[in-house]
């Protein structure tokens, strides 16, 4: 385990931004920190990167308490804030050179810029870069101290599909080749679906779900499409089974505690002919809506 | 801290914002000097008074720059989105604060160097030129340190360049009011009391005392002590504010 957030609480006046937030990130993960706007993602990232202090709770990174060893923690992690900006009058080389000195590190800046595809532009003022280029430069900056863990706050927000795809590929490459764990805060489900192996879902300052992405998609209420020749509703009546009729057949939804085997055995026992059973995989969007409330709209 | 100083210096000297300020300062001092030497009424002033006015002008320009620089130091970086990445690095918050503070003082040194030829030309046949330059350097530096620290604190607390500049200007004009009052009002006990506790007035009165009245150092001690007390107080407050305040705003 590389990161453990334990019962984090942060208040801004009367407003509770984080309410007992706990989760853990394993080494090598691309961990998705998913939540709607205003859920508390940025506050969490700022606390994890020691920019903000929590009102209570603790953060442990690589076995060290962040409140007791903030300098060490800052030297082994790095972060890309959502609302970050560069010094537009500097060149990319000067910019990375400045941060290399601040981190007391000696990276090969040319190589670093090459890895994010900015080598050709390294002497041009950052003010002439596009948003996507600045974002890539920000990622290069966040690698300046060869961190064990990078915290990225909405890294693809505001980018066009090509820019987003470039950042996705870059992050996958960093995770694999540099052995860097990534915590990615986002409200964009596509980012999570493409990149993350584990996620935590935060809403109104509370973690509402945490785990492996595929397991979370499978967990909770599972939906199967069971095609039968005749209507099975007289034989399937427990309250935690929902049924509906579609053009394809009879749709059976199973709630917690009810297994597919139970339903199938009931159908067979009552001599209902089963034509086909198809697992309806829950999409991340469905999971997101379910856990954060259906009235919320994704951006 | 060295990295912060170099970054700030480059930003101040290599960007239009930086060098335009020095050009503007030179233009203002050139116009003032030209008027002192050619305008019939102004040229009737004795040389010491001309030097004194020029010293006031140089100090005012320095204060103006310190208000703007100090106000922008934190709030500007927060507003532009560059502060958070600095805070992510292992550099101490006080190093950021005092790196920026040092650059404001260096800016004042450059302004002071620019002003020397003007003081020498305007007061070429007058007395107390070397004393004037020495006092302008020493007391000017102390006042610039006070104004910079005060506006950096405003910048940290208000997190808005506009508001910090407004409050800084307001305080500057308040302090300046006591200096520009007509002599009849200056004799009132309230104004005299205000004059004693006003660091800017202490510096200006000291300029007046050594350049026009040719008074010695002993008469300046109380004024210098007042300035030093203010300086110690604002530096302590700046250190405290830079360490304790959360320097980020925006998204939750």
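Summary of values
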| item | result |
| --- | --- |
| Relative contact order of region B:2-246, defined on C-alpha pairs under 8 angstrom at six or more residues apart (%) | 27 |
| Residue among B:27, B:204, B:103 with the largest mean-square fluctuation in a Gaussian network model of chain B, springs linking Cα atoms under 10 Å | B:27 |
| Estimated 222 nm signal from helices in chain B, with DSSP H stretches of n ≥ 4 weighted -39500 (n - 2.57), rounded to 500 | -27500 deg cm²/dmol |
| Fraction of alpha-carbon pairs over 22 Å apart in region B:2-246 - percent | 56 |
| Theoretical FRET efficiency, 1/(1+(r/R0)^6), r = Cβ-Cβ of residue B:19 and residue B:137, R0 22 Å, to 0.05 | 0.45 |
| Calculated FRET value between residue A:111 and residue B:188, using beta carbons and R₀ = 60 Å, to 0.05 | 0.25 |
| Degrees, to the nearest 10: B:47-80 long Cα axis against longest axis of chain B | 10 |
| Sites residue A:69 and residue A:204, calculated FRET efficiency, Cβ-Cβ separation with R0 45 Å, nearest 0.05 | 0.90 |
| Distance between modelled label sites at residue B:221 and residue A:197, nm, 7 Å Cα→Cβ extension | 7.5 |
| Cα long-axis angle, helix B:2-14 against chain B (0 to 90 degrees, to the nearest 10) | 60 |
| Added length on full extension, which subtracts the Cα-Cα distance from 0.36 nm per residue, residue A:169 to residue A:224 | 16.4 nm |
| Relative compactness, the protein assembly as shown, computed as alpha-carbon Rg over 2.2 N^0.38 Å | 1.35 |
| Virtual spin-label span in nm between residue B:166 and residue A:120, 7 Å along Cα→Cβ | 4.8 |
| Estimated inter-spin distance, residue A:6 and residue B:92, nm [label 7 Å along Cα→Cβ] | 2.8 |
| For region B:89-165 and region B:221-239, distance of Cα centres in Å | 14 |
| Exercise: per-residue mean of other protein chain Cβ atoms within 10 Å, A:142-154 | 1 |
| Helix B:16-38 axis, angle to chain B major axis (alpha carbon atoms, nearest 10°) | 10 |
| Region A:108-175-region A:3-48 distance, computed between alpha-carbon centres (Å) | 24 |
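Quick note: the coordinates plus some simple rules give every number you see, no bench work behind them. Values in this document were obtained by computation on a predicted structure and should not be read as measured data. Neighbour counts run over all protein chains shown; Cβ positions are idealised from the backbone, glycine included.
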